[in-house]
Amino acid sequence: MATTLPEPPKIERDRLPSQGSGNGGWRNLVPASADPRQVKDYSPPPASTGIWVGLAAITMTFAAFTSALVVRQGGAPDWRHITLPPVLYLNTLLIVASSVTLEIARRRVAAFMGGLKDPAANPARWLFVTLFLGLSFVAGQTYAWLQLKAQGFGLATNVSYSFFYVLTVAHAVHLVGGIGGLVRVVGKLNKSVLRRSTLDATSRYWHFMGVLWVYLLFLLWMKL
Amino acid sequence: MHDMSAPAAHHGAPTSFIRKHVFSLDHKVIGKQYYALALLAALIGMALSWIMRIHLGWGNFAIPGLHLLSSTGAPGNVLTPEYYLQLMTMHGTIMVFFVLTTAPFAAFGNFFLPIQTGAEDMPFPHFNMMSFWVTFVGFWVLIASFFVGDGPTLGGWTQYAPLSAIGSVGGPGQGLGVVLWATSIAIFCIGQLLGSLNFITTTLDMRCKGMSLMRLPLTAWAWFITSVMGLTAFAVLMPACILLILDHVAGTSFFVASNLVINDQVLPHSGGSTLLWQHLFWFFGHPEVYIAIVPGMGIVSHVLITNMRKPMLSHRVLIYSMAALAVLSYMVYGHHMFVSGMNPVSSLAFSFPTLVITIPSTIVVLMWLGSLYGSKLQINSASLFSLGFISMFISGGVSGFFLAQPSIDIMLHATYFVVGHFHLVMGVAAMFGIFAGTYFWFPKMTGRMMSEPLGKAHFWLSFVGAYCIFMPFHYLGIAGNVRRYQAFTDDYLIPLIPVHKFITIAALITGFAQLIFVYNLIYSRFKGPVETDNPWQGTSLEWSTATPPPHNNFGATMPVVYHDPYQYSVEGASSDFVMQTSPEKINNPNEEK
Ligand code: HEM
Ligand SMILES: [Cu+2]
């Protein structure tokens, strides 16, 4: 593979847990008189908090869609049951597999960044596998949409289809964001500027997209 | 070991004009950009309110040049009924979203939150820059609806379905106008989500050494709590807007019921739920009113403490009360739907937390009053507007108790009583919070002082004026005056017209008083007396850095915090105030660790 890694990238090793609130001495000078122990105080990089905050917002958005579905379905005379396109189950396998490969990739890259350089195992390889699986998932979803469309089931055919499209497209849009994140990770790895927190945050996002998809599949399967 | 000897700048200081002033990554520039946007929006919103008020007082009065805004909406310079509603909708939307959310939260929060936490910048400066520019685009999408199709939407800032979802049969602006409205708001949501993400992570992760959570000033707490609300509320409004847009452009039926006949036309939709919109909207909408007011609570506390030269009775209780407001604000939203045909049991279920939410509000007010009692408050424009805030918040809050009870609300719902309630408690109070913040922080933001005599004139005119405008609203509402009417032709309304005339006159005078503020702002920006770094002798971190603060906020040495934010009049200390960064040992048993 074309990725060559001349030197281990910048890393944040032996990050010490922040010692309770207030010691978030973020890139701080330590006063001359201070306890030297404080030098080790190091708050977690914001990306690791930020990703949870972002995921909370995404959760709220999908919770809103879900409650819209429940309210809209309750007492609606026009609700029609739909059969999910079977390709969705294949897609589910793809996205679950992508989480597994990403986890392998994450550990390898982390080990590599930690200085455990194993030239035989190109750490980026599994990232590419993950990217491939992610793109296949999007392709599979697109196939499902096209298939439904070919059968004459559009966004406005019935409200069940409206929700089907809204939820799957909203998820796919977020997933494409994750693909962008992975591409960014690969790019940074190649330039040796990848930070551990970026890698971890991106993989958390990716895993979350997998969990979200499984939830959505369950919701659609149960409700539609 | 990490190299911690040099406080490396998070991102280098910008060199090009574009990077410095336009697509800036610096939270201080972004804060000022938000402020400018809010100011522009407020002026537009105020102009709209003048046009509406003149129309309500003197329905046939021709406002010169009005036809230029819309020849069909104001033929002969007099508003058509529909155009009145269109302007009203734009007034509400502009004010709630682009003024009351952007100024106290996004503008001041951006400028001061990182400084008050002792950070060099927000953790995700690119997101921060996007947050402003996305909001900016959202604003112009909304404004664009004035000039395309048949004008802006007339559905009110709450955009109730089915009117908002049926398209152009619903009247002017209900086609393209609603689509632009919903697009604008969805974009706005993205902007505020990005902002909230930054605010939350700044507060949690970026605090400087020694800055424990309880050592954060009340303003920082208020912005933090607000950003948590913003994160959850805007994440719900955005999908709601997307569904609304789909009902327009894709022919879906989320919000429009079957067989609806409008203007003799059967609509093609089927089975939609009209109440669904109200649920989604108010799940956002009620937290939104607290998003507008909580930053003001923080600003007012901060300003008063500095001018009283003593801390609030309890720092913690204020923080917990604001947090309680935030949590409860998600449980009360149904009080906007008492009259929606909701199950009476649900009404009861929403009435109860609505009454409970008055408890933390009352505690906050009592904290202020109790702390003010017996204090030697320095009177200046900032502290006057803070007192005004408290006054407005109480006056507007009291009417909330009435509205919170479904049996009373059945009569008062959709009357001017509600309009009076929310203008005092949210509109005017939040504006006063913005003013207090402006007079207080202007020297830090620009290096110059604002004129005090002009500020005081601005205060008294606004204070008396706001009461003259909004107190009579309550009377009108009790007399049965329905809101969102453009003329009062019914028998029982005609006797009320003199009240409307009085209100209109008060509104015009109060409006002109705001021009004093704008003049003061612009004049002082360039000609005001130059100030020192700490004109009010404040203790929090924004006062320990230079004016204007350097690119990384604190220059070569990042601050280390040793004290609570409000160490005023400490016994035995070397001066009347001990700054958070002062290593001086003081004997204050109540100090937070
Ligand atoms: C003291 C606590 C409060 C209570 C018990 C309360 C109660 C209520 C109730 C029951 C309504 C619905 C009335 C109706 O539509 O018939 C209402 C409307 C409203 N309240 Fe409050 N409120 C309180 C405080 C606040 C605060 C602090 C704000 C803003 C900062 C606020 C802003 C609003 C707004 C904007 C509306 C009307 C929205 C609309 O219909 O356009 N309220 N309030
Ligand atoms: Cu409410």
Which value, in debye to the nearest 20, gives the size of the charge dipole of chain B about its Cα centre, when Lys and Arg are +1 and Asp and Glu are -1 at the Cβ? 780
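Give the residue list of trypsin sites (Lys or Arg not before Pro) in the stretch A:168-224 that are DSSP loop and have at most 12 other beta-carbon atoms within 10 angstrom. Walk me through the numbers before you get to the answer.
On the way: sites: A:R184, A:K188, A:K191, A:R195, A:R196, A:R204, A:K223; in loops: A:K191, A:R195.
Counting only loop positions with at most 12 other Cβ atoms within 10 Å, the trypsin sites (Lys or Arg not before Pro) in the stretch A:168-224 are A:K191.
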Farthest positive-ward along the protein assembly as shown dipole, Cα basis, beta-carbon charges - from B:I63, B:G433, A:V185: A:V185
Surface accessible to a 1.4 Å probe, per residue, for the residues of the stretch B:258-403, Å²: 36
Positive-end residue, chain B charge dipole about Cα centroid, Cβ charges, pick of B:G455, B:I94, B:L508: B:G455
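Sorted by accessible area (1.4 Å probe), largest first, how do A:T66, B:T274, B:T557 line up? Let's see the in-between values first.
Numbers: A:T66 20, B:T274 50, B:T557 80 Å².
From most accessible down to least: B:T557, B:T274, A:T66.
When the expected Rg is taken as 2.2 N^0.38 Å, what fraction or multiple of it is the alpha-carbon Rg of the protein assembly as shown? List each step's numbers first, then the result.
On the way: Rg = 27.9 Å, N = 817, 2.2 N^0.38 = 28.1 Å.
In units of the globular-protein estimate, the protein assembly as shown measures up at 0.99.
How would A:W213, B:W50 rank on accessible area, largest to smallest, probe 1.4 Å? Before the final figure, lay out each step's value.
Working: A:W213 0, B:W50 50 Å².
Per-residue accessible area, sorted high to low, gives B:W50, A:W213.
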So, with +1 on the Cβ of K and R and -1 on the Cβ of D and E, and no other charges, what is the size of the charge dipole of the stretch A:81-223 about its Cα centre, to the nearest 20 debye? 500
Of the candidates B:P81, B:P217, B:L318, the farthest towards the positive dipole end of chain B (Lys/Arg Cβ +1, Asp/Glu Cβ -1, centred on the Cα centre) is B:P217
Extension gain (nm, one decimal) between B:F502 and B:R484, 0.36 nm per residue minus Cα-Cα: 4.6 nm
With every protein chain present, what accessible area does A:W52 have (1.4 Å probe, heavy atoms only), rounded to the nearest 10 Å²? 140
Cβ-derived FRET efficiency at R0 41 Å, B:A556 paired with A:V214, nearest 0.05: 0.20
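Given a Förster radius of 56 Å and the C-beta distance between B:N343 and B:E571 as r, what FRET efficiency does 1/(1 + (r/R0)^6) yield to the nearest 0.05?
Details: r = 59 Å, r/R0 = 1.05.
Once rounded, the FRET efficiency stands at 0.45.
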Skipping prolines and chain starts, which residues have an amide H placed within reach, meaning under 5 Å, of the one on B:I262, given they are 5 or more residues away or on another chain? B:L267
For B:M431, the accessible surface traced by a 1.4 Å probe with all protein chains present amounts, in square angstrom to the nearest 10, to 50
With each label point set 7 Å from Cα along the Cα-Cβ vector, what nm distance links B:T72 and B:V398? 4.7
For chain B, return all DSSP H helices satisfying: extent of Cα atoms along own axis at least 30 Å; mean Kyte-Doolittle hydropathy at least -1.0. B:27-57, B:176-205, B:218-249, B:274-308, B:344-372, B:381-403, B:452-478, B:497-527
List every residue whose amide H lies under 5 Å from the amide H of B:Q567, counting only residues 5 or more places away in sequence or on a different chain, with H placed 1.01 Å from N in the peptide plane. B:V578
Under a 1.4 Å probe, counting only protein heavy atoms, B:I245 has an accessible area in Å², nearest 10, of 30
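The values are calculated or read from the model by the stated rules, or taken from the named source; none is laboratory data. Source: prediction; values computed, not measured. Quick reminder, even Gly has a Cβ in these numbers, built from the backbone with ideal geometry, and neighbours come from all protein chains shown. In case anyone asks, the SASA skips ligands and DNA or RNA and just uses the protein heavy atoms, side chains included. Shrake-Rupley method; radii C 1.70, N 1.55, O 1.52, S 1.80 Å.
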